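In what follows, a structure is listed as structure tokens, so that the remarks can point back to it.
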Amino acid sequence: MLDDLLAFLRESPTPFHAVACATARLRAAGFREVAEADDWSSLAPGGYAFAHGGSSLLAFVIPEGKKIAGFRLVGAHTDSPNLRLKPSPEYRKEGYAQLGVEVYGGALLNSWLDRDLSLAGRVLLTTDSTALEIQLVRFTRPMLRVAQLAIHLDRDVNEKGLVLNRQEHLAPIFGLDREGSGSLYALIADHLGLASSRIKGSELMLYDVNPATLGGRDDEMIFSARLDNLAMSHAAIWSLIEASKKPDRDDLVPVAALFDHEEVGSETAYGAHSSFLPRALERIVTGRGGSREAFHRALAGSLCVSADMAHAVHPNYESRHEARHKPALNGGPVIKVNSQQRYATSGATAALFRSLCGRVGVPVQHYAHRTDLPCGSTIGPIASTLLGIRTVDVGNPMLSMHSIRELSGAQDPAMMTRVLTEFYGCDDLIPH
Ligand SMILES: [Zn+2]
């Protein structure tokens, strides 16, 4: 599964590509695609993939039984902090062609400097009818560079630290301002083999062309972009496919929910705050002939694992970590706890996850943020607020979270998928 994770990371420079890659894997495993406008009351037992807005995805397995006792949800997110093109990005300055960018999410800005960057995303195209067609686009050659100022022009940068103004200092160089050089849309149209007049809109973002790879003395680590949170998105999908091969129960619905927009607060049509997950869950129950009451009873029997990457202890900054909560790379999944409820884990859900780990022989670790530092959050508290279901926040340990190039353990992904596969079929009864 490690090779497949690396391929997934390489093929998914944007949330749109991540959803397309996950859908392709589900399709290959026999899952059928279903759209929001389809009639869900006629869905036969089996696996389904429901892409929402092109950047969020629900995958689920409808069981043979008519009565649904509960959902086994694994939530993750498809987006990662990055630089995105503004609507009118192209401009020329001092003999250079440049592109205006916005910062998406809490990116570590310094990590975007002096990288071989390219562009990916999607374009909206006119068709013969009034409908617009969406097409994914991805350049693979290095086309862009956010060049750092030479040290000779910024003498005390190493002592005083690098300060980057988001408007002034992050615009990548796209080339030299030469007579007759084509526009961005002309380049995209040429790349896709279509007339540039057909392009009516775009959502394009920058990414590092350096591919995901194993690293370290014994290849015991993964060096990659977007480990937060494509690593957990992949784990959710991989485990769902595994669990669908041997369903333990005919009244549970395993669901992988991959949301966009986690890095900007989730309050969007495609984020974890959207009603698309509760609506889809209700349609699954009613589609099997259940009533609204049956849907609410199914929620009462449901469990959620919110899977998002966790902070491993950093050897150069060990004092930034809580002394007795220092997850190790390749030490197994991490349960995240926060009394301010930045994580949704409760005593009961932590106990459930620990027992699942024990059942499949996987070690488990714990994370708590230093009490004097503000803690990050994830989709777990949102999903549990929206659905009122018991939730545990977990993730695999990593370093350099939100850098363009992150680092995780190479043995952790297989351990997490074993636990999640076990979770999808578990009938543990735990208190609220
Ligand atoms: Zn995350």
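The values are calculated or read from the model by the stated rules, or taken from the named source; none is laboratory data. Source: prediction; values computed, not measured. Virtual Cβ from ideal backbone geometry, glycine too; neighbours counted across all protein chains shown.
Of everything in the stretch 341-373 that is in contact with a Pro (Cβ under 7 Å, 6 or more places away or on another chain) and of a type in the set (Gly, Ala, Ser), the residue that is nearest to the ligand (Cβ to nearest atom) is Ala344. Just name the residue that is surrounded by the fewest Cβ atoms within 10 Å (Cβ to Cβ) out of those in the stretch 209-234 that are within 16 Å of the ligand (Cβ to nearest atom) and over 19 Å from Ala328 (Cα atoms). By that ranking, first place goes to Ala225. Filtering the stretch 90-98 for residues that are touching a residue at least 12 places away in the same chain (Cβ under 8 Å) and either of a type in the set (A, V, I, L, M) or in the same structural domain as Met401 (by TED's automatic domain parsing) (or both) leaves a non-empty set.
Scanning the stretch 162-177 finds no residues that are in contact with a Pro (Cβ under 8 Å, 6 or more places away or on another chain), part of a loop (DSSP other than H, G, I, E, B) and loosely packed, with under 13 Cβ neighbours inside 10 Å.
Number of residues in the stretch 367-385 that are assigned to a loop (DSSP other than H, G, I, E, B) and touching a residue at least 24 places away in the same chain (Cβ under 8 Å): the value is 9.
Arg279 meets the conditions (1) without any contact (Cβ under 8 Å) to a residue 24 or more places away in the chain; (2) closer than 30 Å to Val103 by Cβ; (3) exposed (fewer than 15 other Cβ atoms within 10 Å of the Cβ) in every case but one. The failed one is (2).
If the condition is being closer than 27 Å to Leu113 by Cβ and in contact with a Lys or Arg (Cβ under 9 Å, 6 or more places away or on another chain), then the stretch 174-189 contributes Phe174, Asp177. Considering only residues in the stretch 254-273 that are among the hydroxyl-bearing types (Ser, Thr, Tyr) and buried (at least 20 other Cβ atoms within 10 Å of the Cβ), the one that is nearest to the ligand (Cβ to nearest atom) turns out to be Ser266.
Checked against (1) of a type in the set (Asp, Glu); (2) assigned to a helix (DSSP H, G or I); (3) in contact with a Ser or Thr (Cβ under 9 Å, 6 or more places away or on another chain), Glu318 passes all but condition (3). Scanning the stretch 374-417 for residues that are within 15 Å of the ligand (Cβ to nearest atom) and at pLDDT below 85 yields a total of 9. For Val61, the requirement of being among the β-branched types (Val, Ile, Thr) and more than 30 Å from Phe174 (Cα to Cα) is met.
Count of the stretch 60-106 residues, restricted to those that are outside any strand (DSSP E or B), loosely packed, with under 15 Cβ neighbours inside 10 Å and modelled with pLDDT of 95 or more, is 3. Just to be sure before I move on: is Ser291 polar (S, T, N, Q), closer than 16 Å to Ala51 by Cβ and assigned by TED's automatic domain parsing to the domain that holds His402 in the structure I sent? When the stated conditions are applied, Ser291 does not pass them.
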